[in-house]
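K.L.:
My structure is below; once you've seen it, I'll send some questions.
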Amino acid sequence: MAEGQLTEEKIKQVLGEFTDPETGRDIVQLEQVHNLKLEDRKVSITLGLTTFSAPLWKQKQAELVELLEAKLPGPVEVSVELAVHERPTEKMGEVGLAAKSVIVVGSGKGGVGKSTIAVVMACELSRDGSKVGLRDADVYGPSIPHLIGATERPTMQNERIQPIMVDSLAVMSMGFLVPAGEAIIWRGPMLHGAITQFLRDTDWGELDYLIVDLPPGTGDVALSLSQLLPLSGAVVVCTPQDVALLDATKAIAMFRKVNINVLGMVENMSHFVCTDCGSRHDIFGSGGAKRRAAELDVPFLGEVPINTQLRIRGDEGTLRDSLDDDASGPYLRDICQTLVKTIVAQRRDEPPVPSLSVLK
Ligand code: ADP
């Protein structure tokens, strides 16, 4: 509790210390504070936040209440309501994609759960209220349609491909266009052309996040994407065995070589919890990815246990429901929270210039 008089001026001064998660800038300057009222010792405001930071809304609301209670001369009763603050998304790159953040999901090798993690991340961000697109760039084995249970063929409108909507998540995959089980052979230039065309010709609308599932191992697609768009960075999915960690280390080196920021590592199939006795088994050892992430100076985004239900969900095309499963849901939701916090922290360090000229 601070000393002094409780005035609107003082409240605005404290509010000015609070930053918008999307831009890393002061919420007063950006006109994200509305309905400021001071009656007796009751302070109430409405805080406008963008859908980009929807996964952090509750946390930001609590933090602002805490800040005001700590810094205003007390005793004081604080109430913060939330509202959506609109901030347009600028088109980026030569493909003209309107997305605030593009995240690629990669791995050193196949079968580690990269597509699974890409799908649940996109579903969770979208459930939280962000505008999300999910793009399958795993052109050699597009598994997203299967994992998410979408089998429709995309339609064309005004010469642009309309993504398939799964609830409010926009999904586009080569798998929608190629019959299941058919092999596609890509040569380098064709691959770059297909990646460009898919981004340019898909009608994504305005997105907060575009999640891109990369093919395992190779850097071609990552390199193409990084030339086309400013990427927020890469999430590297790995499993805990020593050999798998070597592959993940190579994937991180590959991203760094093509100047893609590594947002963090996810350890999938990290341990097994016995459904009969509830005990934890670290089949492949424990803490390997976390240690490797620290050695490589990469954030560790979290772990997901090996779980039969998660595999069944993937096979059945109901993967988004795993976010509510007791065995895997809390881990998957935690990873998303940590990912968004990591992106927001990086924006705070290097804030992007807001696209609206709101400074008077
Ligand atoms: P990748 O994209 O790395 O090739 P997938 O996401 O396609 O891997 O996953 C490979 C297989 O492993 C799928 O059958 C999927 O359902 C399963 N799987 C992924 N993560 C888990 C997990 N944590 N527990 C159990 N099965 C999993």
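K.L.:
Tell me, what ³J(HN,Hα) does each residue in region 161-176 have, in order and in whole Hz, if you take phi through Karplus 6.51 cos²θ - 1.76 cosθ + 1.60 with θ = phi - 60° and put x for Gly and Pro?
P.N.:
6, 8, x, 6, 9, 10, 6, 9, 8, 8, 10, 9, 8, 4, x, 6
K.L.:
Please build a GNM for the chain, connecting alpha carbons under 10 Å apart, and tell me which residue among 247, 208, 167 fluctuates the most.
P.N.:
Evaluated over the chain, the most mobile residue of the options is 167.
K.L.:
Using only the alpha carbons of region 98-144, determine the length spanned along each of the three principal axes and report them from longest to shortest in whole angstroms.
P.N.:
For region 98-144, the Cα extents along the three principal axes come out at 31, 20, 16 Å.
K.L.:
Translational diffusion coefficient of the chain at 25 °C, 0.890 mPa s, Stokes-Einstein with Kirkwood Rh over Cα pairs, in µm²/s as a whole number. The partial results should precede the final answer.
P.N.:
On the way: Rh = 21.8 Å.
My calculation gives 113 µm²/s for D.
K.L.:
Most exposed first by the Cβ proxy, i.e. fewest other Cβ within 10 Å, how do 25, 311 rank? Mind showing how you got there, number by number?
P.N.:
Working: 25 19, 311 15.
Fewest-to-most ranking of 25, 311: 311, 25.
K.L.:
Here is a further query. Can you sort 131, 12 so the residue with the fewest Cβ neighbours within 10 Å comes first? Spell out each step's value before the answer.
P.N.:
Working: 131 24, 12 13.
Ascending Cβ contact count within 10 Å gives the list 12, 131.
K.L.:
Here is the link list: 114/290; 12/60; 10/71; 109/131. Which ones come out longer than 19 Å on Cα distance?
P.N.:
Working: 114/290 17 Å; 12/60 17 Å; 10/71 9 Å; 109/131 29 Å.
Those over the limit are 109/131.
K.L.:
Please identify, among 320, 187, 153, the residue showing maximal mean-square fluctuation in a Gaussian network model of the chain using a 10 angstrom Cα cutoff.
P.N.:
Among 320, 187, 153, the largest GNM mean-square fluctuation belongs to 187.
K.L.:
What net charge do the residues around residue 215 carry, taking every other residue with its C-beta under 11 Å from that of residue 215, with Lys and Arg at +1 and Asp and Glu at -1?
P.N.:
Values: positive: 109, 114; negative: 136, 138, 213, 220.
Its environment carries a net charge of -2.
K.L.:
Additional query: Enumerate the calculated ³J(HN,Hα) couplings along region 88-103 in order (Karplus 6.51 cos²θ - 1.76 cosθ + 1.60, θ = phi - 60°), each rounded to whole Hz, writing x wherever the residue is Gly or Pro.
P.N.:
Using θ = phi - 60°, the values come out as x, 9, 7, 6, 10, x, 5, 7, x, 7, 9, 9, 7, 8, 10, 10 Hz.
K.L.:
Taking amide H positions as placed in the peptide plane 1.01 Å from N, state which residues far from residue 233 in sequence (5 or more) or on other chains have amide H under 5 Å from it.
P.N.:
102, 104
K.L.:
While we're looking at this one, here's another question. If you put +1 on each Lys and Arg Cβ and -1 on each Asp and Glu Cβ, how big is the dipole of the chain around its Cα centre, in Debye rounded to 20?
P.N.:
Working: 36 positive and 49 negative charges, 147 e Å.
For this selection, approximately 700 debye.
K.L.:
Same structure again: List the extent of the Cα atoms of region 1-157 along each of their three principal axes, largest first, rounded to whole Å.
P.N.:
66, 33, 27
K.L.:
Just to be sure I understand the rule: take each whole DSSP H helix in the chain, project its Cα atoms onto its long axis, keep it if the span is 20 Å or more and its mean Kyte-Doolittle hydropathy is at least 0.0. Which ones pass? Walk me through the numbers on the way to the answer.
P.N.:
On the way: long enough: 57-71 (21 Å, -0.73); 114-128 (21 Å, 0.47); 242-257 (22 Å, 0.51); 329-349 (30 Å, -0.32).
For the chain, where a helix must reach 20 Å along its axis and average at least 0.0, the hits are 114-128, 242-257.
K.L.:
Amide H of residue 43 versus every other amide H placed in the peptide plane: which residues, excluding those fewer than 5 positions away on the same chain, fall under 5 Å?
P.N.:
Distant-sequence amide H within range of residue 43: 77, 78, 79.
K.L.:
Test of understanding: ordering 331, 209, 140 by Cβ neighbours within 10 Å, fewest first, what list do you get?
P.N.:
So the ranking, lowest neighbour count to highest, is 140, 331, 209.
K.L.:
Top mean-square fluctuation among 332, 64, 134, Gaussian network model of the chain, C-alpha springs under 10 Å?
P.N.:
Of 332, 64, 134, the most mobile in the Gaussian network model is 64.
FYI, it's all coordinate maths here, none of it is from the lab. Bear in mind that the values here come from a model prediction, so they are computed numbers and not experimental data. With ideal geometry, Cβ positions are generated from the backbone for all residues, glycine too; neighbour counts draw on all protein chains shown.
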